[in-house]
Amino acid sequence: MLCDLWADLKTSVVLLQPEKGRDEANKKIVFRDALIDNQNKNNMEPTTKTAITVKTVVKAPVEKVWACWSEPKHITSWCQASDDWHAPYADNDLRKGGKFKTTMAAKDGSVSFDFEGVYTRVEQYKLIEYEMADDRKVNITFFGNGNETEVVESFEAENTHPLDVQRAGWQSILDNFKTYTETKG
């Protein structure tokens, strides 16, 4: 990559040979623009990703909320965005470096996918961070206050679906989590 950068810079410098009437200031502007263009060409990955945040307040102590969030027997009961989907399988090793996988499937069997990743940080009853299989990052915070717990989940958006659709899907799952934890969990 450094060799490519140098080759591109040499090309840019050749383009900067003095032309009639070009003053020193114009040369500096052209050279700066050539460097910026070259940097952009060699750095195709975006520097920032769009983060989406969803949240809810669950009427339950943080210990119960944590258990319902992290135990597979609970995950399979709430992890779907709509009533025509379900989560027939969940595995969860909730520790730094641990992996998780939840199968999300249409109830009619027409489609399914595995939602999976690796935990990068876990602070019991407070914080879960993980990286999904597609390299996007997720941060979930739990704010316990007696018999209520606020759950705030932020995730990096993907590039396939509109942001509002992603937000609605993740919020729907979080709402299912809230309902399950308050009534059955």
Legend entry - Potential extension, Arg95-Val111 segment - 0.36 nm per residue separation minus Cα distance: 2.8 nm
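Once you have the Cα-Cα distance between Glu182 and Lys59, take 0.36 nm times their residue separation minus that, and quote the gain in nm to one decimal.
Working: separation 123, 0.36 × 123 = 44.28 nm, distance 0.61 nm.
Additional length available on full extension: 43.7 nm.
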Inset, instruction - At 7 Å along the Cα-to-beta-carbon direction for both Asp83 and Lys137, put a label point, then send me their distance in nm to one decimal. - result: 3.9
Inset, instruction - For Thr120, put the label point 7 Å out on the Cα→Cβ axis and report which residues of the range 152-172 keep their amide N under 11 Å from it. - result: 156
Legend entry - Unsatisfied cross-links (Cα-Cα over 22 Å) in the set Lys59/Lys184; Lys137/Lys184; Lys59/Lys99; Lys73/Lys137: Lys137/Lys184; Lys59/Lys99; Lys73/Lys137
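Coordinate-derived values only; no laboratory data. This structure is a prediction, so every number in the text was calculated from the model and none was measured. Positions of Cβ are backbone-derived with ideal geometry, glycine not excepted, and every protein chain shown enters the neighbour counts.
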